[in-house]
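Take a look at the structure set out below.
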Amino acid sequence: MDTAYQIPFNQSSLQGRELEHIFRTMTIGQIAGDQTYSKKCHALLQQSLQVQKAMVTTSCTHALEMCSLLLDIQPGDEVIVPSFTIVSTANAFALRGAKIIFSDIRPDTLNLDEQQLEGLISSRTKVIVPVHYAGVGCEMDVIGGIAAQHGLSVVEDNAHGLFGKFRGRWLGTFGSLAAQSFHETKNITCGEGGALLINDPRLIERAEIIREKGTNRSRFFRGQVDKYSWVDIGSSYVMSDVLAAFLFAQLEVWQTIQAQRERIWKYYDQGLRDWAQKRGVGQPVVPVHCEQSYHMYYLMMRSLQERQAFIAFLKSRNILSVFHYVPLHLSPMGERMGGRKGDCPITEDRSDRLVRLPFYNSLSPDDQDKVIRAIQEFDV
C-alpha cells in the first residue's frame, strides 16, 4: 500500500479470522509448511473447485515453475504464451530452456487470441499457457480442442481468475495444470503465495516430490516408505503454515470477498458508463459465457498520451491508478527470443492505453465515489 495517496491502488485488509488462525498455528508450534493450515487450504480448494489436487506454494511464480518441471520442459521446446502477461508466465518455462513463442491477444477480453494458435504451433511446441486476464476466462473450449489435436499440454495461468468460470466451469480446471496467486494485490491473499492445481492425477505424486526439494518426504509422512531420500529434481516450494493460516481465513469467506468485489466492479462500470461512451473510452468486456472473478477494473484510454495525463490527473487528486504489462516480446529478454515490434499489434496498442483503477476489498462507496467524480472531471 502506498500511504502517500488518500485512495491507494491497493490496500490489504483482514477479511475473517486471520489473526485467530495465525495465533493458533504459532501456539501449537506449526510454522513450517504442510501442516494443519496448509492441509485446510488444500481441502477447501479441492472441494470448492472439484480439482484432483491442490497444493499451496510460496508464489504463483513457483507454481508455474512446478508446471514446467512436471511437463519435462527441455531446451529447445516451444511454449506459447501471450505477450500481454507478467514475466513469470514466460520465465517459468524459459528457466528450463524453452523458447517462448509470443501470441497476440484478443481486442475485447485481452486474453490470448485463440484464432492465432494454429499458426504458432510447430513440431517443437509442447505447452500452451492461456492467461485469464482480469479473471475473464479465455476461450478454453477452442484452446483445449487445438491442444488435444496437436498433443499439447495446457497450463492455465489463473493468477487473476480464482472463482471465475467459463461456460459454467471453474477457471483452473481446464488444463492438466493451473497456477493460482495469493499475492497482496489478489482478491484472496496472504501477502505472498500461490497454489498449484492438478487436474491430471498422473502428475500428483511427482508434484509432491518436486515441491519437497525432489524428495519423497510426503510418502514418508504418510508411512508409505520408512525413510525419505532425494529421488528427482525439485526445489523448496512449500508455503509456511503461518501464511497458510492467514490464507485459510480468507478462503473461508471467499463468497463474501467475491460479493464485495462484484459490488465495487459493477459500481465503477455503471458510474463511468455515460462518461466513457461519450468520450470514446473503453470499458472491460465480459462475454456472456464468462463469469468473471472481479479481479480488477480498467479503462482503455484513446492514446498513450491521454493515459499518462489521466494517471497524473488522478495523482493530483490523491488517487493512485496504474498501467499494466509492458509487452513481453518487446522486452530485452523477449527480443533475444525473437520478439520484434509489430509482432503483436493488439498487445502493443492496448499496453499503451490501459489504466487500472483503485480496486481492493475494503474500498468504501464514499472513496469509490471520489474516484468516479475525479474521473468525470478529467478533460479527455
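Does Arg279 satisfy being of a type outside the set (Phe, Trp, Tyr) and either more than 19 Å from Phe9 (Cβ to Cβ) or surrounded by fewer than 14 Cβ atoms within 10 Å (Cβ to Cβ) (or both)?
Numbers: of a type outside the set (Phe, Trp, Tyr): yes; either more than 19 Å from Phe9 (Cβ to Cβ) or surrounded by fewer than 14 Cβ atoms within 10 Å (Cβ to Cβ) (or both): yes.
Against the criterion (of a type outside the set (Phe, Trp, Tyr) and either more than 19 Å from Phe9 (Cβ to Cβ) or surrounded by fewer than 14 Cβ atoms within 10 Å (Cβ to Cβ) (or both)), Arg279 qualifies.
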Within the range 1-88, which helices (runs of 4 or more DSSP H) (wholly inside it) include 1 or more residues that are over 30 Å from Phe102 (Cα atoms)? 18-27, 36-49
Are there any pairs, at least 6 apart or on different chains, whose C-beta atoms fall under 9 Å, with the first in the range 266-282 and in a loop (DSSP other than H, G, I, E, B) and the second surrounded by 14 or more Cβ atoms within 10 Å (Cβ to Cβ) and of a type in the set (Ser, Thr, Tyr), and if so, which? Leu272/Tyr297
Search the range 83-114 for residues being basic (Lys, Arg) and touching a strand residue (DSSP E or B) at 6+ places or on another chain (Cβ under 8 Å), and hand back the single one that is most open to solvent (accessible area, probe 1.4 Å). Lys99
Which condition number does Gln260 fail, the rest of (1) open to solvent by less than 40 Å² (accessible area, probe 1.4 Å); (2) over 30 Å from Asp379 (Cβ atoms); (3) in a helix (DSSP H, G or I) being met? (1)
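What tally of residues in the range 215-241 results from selecting those that are part of a helix (DSSP H, G or I), modelled with pLDDT of 80 or more and open to solvent by 40 Å² or more (accessible area, probe 1.4 Å)?
First pass over the range 215-241, keeping only residues part of a helix (DSSP H, G or I): 217-221, 241.
Next, from what is left, pick out any that are modelled with pLDDT of 80 or more: 241.
Filter again for open to solvent by 40 Å² or more (accessible area, probe 1.4 Å), leaving none.
Total satisfying the criteria: 0.
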Among (1) buried (at least 18 other Cβ atoms within 10 Å of the Cβ); (2) in contact (Cβ under 8 Å) with a residue 60 or more places away in the chain; (3) under 24 Å from Gln260 (Cα atoms), where does Lys370 come up short? (1)
Residues being over 15 Å from the mean Cα position of the chain (by Cα) and touching a residue at least 40 places away in the same chain (Cβ under 8 Å) - total across the range 147-167: 3
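How many residues are closer than 16 Å to Thr61 by Cα and open to solvent by 10 Å² or more (accessible area, probe 1.4 Å) if we restrict to the range 191-210? Don't jump to the end; show me each part of the working.
If we filter the range 191-210 for residues that are closer than 16 Å to Thr61 by Cα, which is where we start, we get 191-198, 207, 210.
Keeping just the survivors that are open to solvent by 10 Å² or more (accessible area, probe 1.4 Å) gives 191-192.
Counting residues in the range 191-210 that are closer than 16 Å to Thr61 by Cα and open to solvent by 10 Å² or more (accessible area, probe 1.4 Å) gives 2.
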Go through the range 303-330 and report how many residues are basic (Lys, Arg) and farther than 14 Å from Glu377 by Cα. 1
Those residues of the range 290-321 which are open to solvent by 40 Å² or more (accessible area, probe 1.4 Å) and either closer than 17 Å to Gly280 by Cα or of a type in the set (Val, Ile, Thr) (or both) amount to Arg302, Leu304, Gln305, Gln308, Ala309
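Scan the range 132-153 for residues that are touching a helix residue (DSSP H, G or I) at 6+ places or on another chain (Cβ under 6 Å) and open to solvent by less than 10 Å² (accessible area, probe 1.4 Å) and report the count. Steps first, answer last, please.
Of the residues in the range 132-153, the ones touching a helix residue (DSSP H, G or I) at 6+ places or on another chain (Cβ under 6 Å) are 139, 142-143, 146.
Cutting the leftovers down to open to solvent by less than 10 Å² (accessible area, probe 1.4 Å) gives us 143.
Of the residues in the range 132-153, 1 are touching a helix residue (DSSP H, G or I) at 6+ places or on another chain (Cβ under 6 Å) and open to solvent by less than 10 Å² (accessible area, probe 1.4 Å).
Here is a list: Leu49, Leu45, Leu19. Which entry is open to solvent by 70 Å² or more (accessible area, probe 1.4 Å) and either of a type in the set (Phe, Trp, Tyr) or under 25 Å from Gln258 (Cβ atoms) (or both)? If you could, list the steps in order and put the result at the bottom.
On the way: Leu49 fails: open to solvent by 70 Å² or more (accessible area, probe 1.4 Å); Leu45 fails: open to solvent by 70 Å² or more (accessible area, probe 1.4 Å).
Criteria check complete, one pass: Leu19.
The values are calculated or read from the model by the stated rules, or taken from the named source; none is laboratory data. Treat the numbers as computed from the prediction; the structure is a model and nothing was measured. Neighbour counts are summed over all protein chains in view; Cβ atoms, including those assigned to glycine, are modelled from backbone coordinates with ideal geometry. Side chains included, ligands, DNA and RNA excluded: accessible areas come from the protein's heavy atoms. Shrake-Rupley method; radii C 1.70, N 1.55, O 1.52, S 1.80 Å.
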